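> What follows is a structure written as structure tokens; I'll ask about it next.
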Amino acid sequence: MAPADYPGCPVTVTEAEERGASLRDPRWGVGSAILTIVFAVALGLLVAVPLFLLDVPLAVTAIVGTLVPWLGLAGWPMFVTRWKGNGPRIDLGLRLTWSDVGWGALAGVVGLMLAAVVALITQAIAGDFSSAAGDVALELREAGPFWALMIFAVMVMVGAPIVEEIAFRGMLFNSLRKRGVGAVWTIAITAIVFSAFHFEPIRFFLLLPIGVVYGWVRWKTGSLGAAMVAHGVNNTPAALVVLLGVPEVTP
């Protein structure tokens, strides 16, 4: 298979050659995608222990404890695609056009509607529930300071969509496509792994259809940016809830 000419890759060899780019066969794959998740989990545990033992203030714990695992989720894919491939733009589809924004916004709205339906069903079966991010946000609102709450809200709305999409609809998605896995199975697998990665069993089936929507728009446009936009649109209401403190509502 020609470099960067596998299914789902947004940049073909011909297009790259027209730009004067010299492509090489990517030497990263499913193993690198697995390492992305392993690194994120390991870094999360590594930073959680000292934060807990040192009784670090909640504001620092929430921000640092969220940021450090992102080094694995986004840092490793960005590094390994440059080291063993053609960089994240070509290998991961990291681009954003106005068309991608439009498709991403549409997918984000669809994701919100699906999430609302599944949330109602989950609540009817399991009772009231919240997310880990929502619980942290409520604690920050009660304990302060407000600047920490603002930073956390921006992380939910902007940071999480970027790093999580790089890991799941970027590294994992294209590693499966490189191995010849079909689009439907690739979307399904990435959605399942994405949902499980949050380690919130009660919200697994809430995250699953959202992950399918992100995967679909990633496949439809060939753009990781479109999936990021969809994810951002989906997370925006939660971020606003964090900032505004809507009574009895958590993201």
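> Would you mind stating whether Ser99 is touching a residue at least 24 places away in the same chain (Cβ under 8 Å), in a loop (DSSP other than H, G, I, E, B) and either at negative phi or of a type in the set (Lys, Arg) (or both)?
So Ser99 does not fit the description; no.
> For Leu51, state whether it is more than 22 Å from the chain's Cα centre (by Cα), surrounded by 15 or more Cβ atoms within 10 Å (Cβ to Cβ), in a helix (DSSP H, G or I) and not basic (Lys, Arg).
For Leu51, the condition - more than 22 Å from the chain's Cα centre (by Cα), surrounded by 15 or more Cβ atoms within 10 Å (Cβ to Cβ), in a helix (DSSP H, G or I) and not basic (Lys, Arg) - is met.
> With the checklist (1) in a helix (DSSP H, G or I); (2) within 27 Å of Lys178 (Cα to Cα); (3) of a type in the set (A, V, I, L, M) in hand, flag the one item Leu114 doesn't pass.
(2)
> Among what's in the stretch 168-181 and is among the small types (Gly, Ala, Ser) and under 22 Å from Arg95 (Cα atoms), pick the residue that is surrounded by the most Cβ atoms within 10 Å (Cβ to Cβ).
Gly170
> Condition first: under 29 Å from Ala143 (Cα atoms) and either of a type in the set (Phe, Trp, Tyr) or in contact (Cβ under 8 Å) with a residue 12 or more places away in the chain (or both). Now tell me which residues in the stretch 38-56 satisfy that.
Matches in the stretch 38-56: Ala40, Val41, Ala42, Leu43, Gly44, Leu46, Val47, Ala48, Leu51, Phe52.
Just so you know, all these numbers are worked out from the coordinates, no wet-lab data involved. All figures in this text were calculated on a predicted structure; none of them were measured in a lab. Cβ coordinates were reconstructed from backbone atoms using ideal geometry, including for glycine residues, and neighbour counts include every protein chain displayed.
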